[in-house]
Ligand SMILES: Nc1nc2c(c(=O)[nH]1)N[C@@H](CN(C=O)c1ccc(C(=O)N[C@@H](CCC(=O)O)C(=O)O)cc1)CN2
Ligand SMILES: [Mg+2]
């Protein structure tokens, strides 16, 4: 009898491959929408203050919107902007027919309520999918009306790139944040997965994780999920972005790692997203998708935007 073959290492679900595929679909849908209705999707990004990382994300969102052929506006407001001034801008953008998507880059300065700002955005223009109305639509299964937040939506695209039909699979989501854990759990439920949301009080977390065909890690704790927590052949989606010391790169240097111990998990999983270069790269692609989805609904042609997330 021949020796059994060593199991190959996990397939890498690469954001640098899947995000451009999503952007290609966005561009095609934008072209169809404009050719058939004359509507050009418009995205308004609002940033308050000088946070350097936020500046980079906002610049990348504007550049990507231009690359997709959108009308793109970036509103840069000083740190001292009052909540009332920001709300007045949101009101103007809500009423502007050129604008189909509005987002306020987070975090906002401490003197401004993020909750109040997000709630002020017209839910049909809330391309971050963070408003209570859009969360409610998602939970109620109103997929045709909801705008789904970008990181959870990106997780789903990545999981479906490996297993297009998730129906009946066991999904475990580690983390119960409003921004990732809860929405990703509802997206998986809508795909007919059997979903468990695990969190800091979950008993025997390793064995709960080992029950997962789809394991989503969104806790914000570096390398918490070990290789022997992963079911052989499972798909692992790592949402964590944690900066840790990297003395091997030199004194004071750091590197990014996920919530999953990648080297261990990749020996066991069937497929896994890396950090960096995984889910993070999908966030801006899904924002572009949501902008076309919002514009095509407004133009009375929802199927054009909906096509981006099919097949
Ligand atoms: N209004 C919003 N604010 C914020 C969001 C958001 O979705 N909407 N998310 C983050 C910031 N963000 C986009 O805004 C974002 C974060 C990370 C990445 C990304 O590509 N990460 C890379 C690693 C990048 C690195 O090397 O530092 C990766 O994971 O590979 C994109 C967008 C908070 N604010
Ligand atoms: Mg605040």
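The values are calculated or read from the model by the stated rules, or taken from the named source; none is laboratory data. Keep in mind that what you see is a predicted model, and the values were worked out from it rather than measured. In this analysis, Cβ positions are derived from the backbone assuming ideal geometry, glycine residues included, and neighbour counts consider all displayed protein chains.
Against the definition (outside the structural domain of residue 287 (by TED's automatic domain parsing) and within 17 Å of the chain's Cα centre (by Cα)), how does residue 160 come out, yes or no? It is true that residue 160 is outside the structural domain of residue 287 (by TED's automatic domain parsing) and within 17 Å of the chain's Cα centre (by Cα).
Put simply, of 260, 268, 275 the only residue that is buried (at least 24 other Cβ atoms within 10 Å of the Cβ) and more than 29 Å from residue 65 (Cβ to Cβ) is 260.
Taking every residue in region 104-124 that is free of Cβ contacts under 8 Å to residues at least 60 places away in the same chain and pairing it with any residue that is in a loop (DSSP other than H, G, I, E, B) and within 11 Å of ligand 2 (Cβ to nearest atom), at least 6 positions away or on another chain, the pairs with Cβ-Cβ distances below 6 Å are 114/108. Of the listed requirements (1) at pLDDT 95 or above; (2) surrounded by fewer than 24 Cβ atoms within 10 Å (Cβ to Cβ), residue 310 misses just one: (1).
Strands (runs of 3 or more DSSP E) fully within region 209-309 that include at least 2 residues being under 25 Å from residue 21 (Cβ atoms): 214-217, 235-238.
Scanning region 47-66 for residues that are in contact with a helix residue (DSSP H, G or I) (Cβ under 9 Å, 6 or more places away or on another chain) and closer than 18 Å to residue 294 by Cβ returns 61, 64, 65. The residues on offer are 98, 110, and the sole one that is more than 16 Å from ligand 2 (Cβ to nearest atom) and part of a loop (DSSP other than H, G, I, E, B) is 98.
Given the criteria out of contact with any strand residue (DSSP E or B) (no Cβ under 6 Å at 6 or more places or on another chain), at pLDDT 95 or above and under 20 Å from residue 278 (Cβ atoms), does residue 220 qualify?
Values: out of contact with any strand residue (DSSP E or B) (no Cβ under 6 Å at 6 or more places or on another chain): yes; at pLDDT 95 or above: yes; under 20 Å from residue 278 (Cβ atoms): yes.
Spelling it out, residue 220 is indeed out of contact with any strand residue (DSSP E or B) (no Cβ under 6 Å at 6 or more places or on another chain), at pLDDT 95 or above and under 20 Å from residue 278 (Cβ atoms).
Scanning region 94-120 for residues that are within 14 Å of ligand 1 (Cβ to nearest atom), within 19 Å of residue 62 (Cα to Cα) and in contact with a strand residue (DSSP E or B) (Cβ under 7 Å, 6 or more places away or on another chain) yields a count of 6.
Looking at 119, 143, 171, which is the one that is within 16 Å of ligand 2 (Cβ to nearest atom), more than 27 Å from residue 52 (Cβ to Cβ) and in contact with a helix residue (DSSP H, G or I) (Cβ under 8 Å, 6 or more places away or on another chain)? So that I can check it myself, show each step before the final result.
Numbers: 143 fails: within 16 Å of ligand 2 (Cβ to nearest atom); 171 fails: within 16 Å of ligand 2 (Cβ to nearest atom).
The match here is 119.
Screening 115, 125 for residues that are surrounded by fewer than 17 Cβ atoms within 10 Å (Cβ to Cβ), within 25 Å of residue 183 (Cα to Cα) and assigned by TED's automatic domain parsing to the domain that holds residue 46 leaves exactly one candidate, 115.
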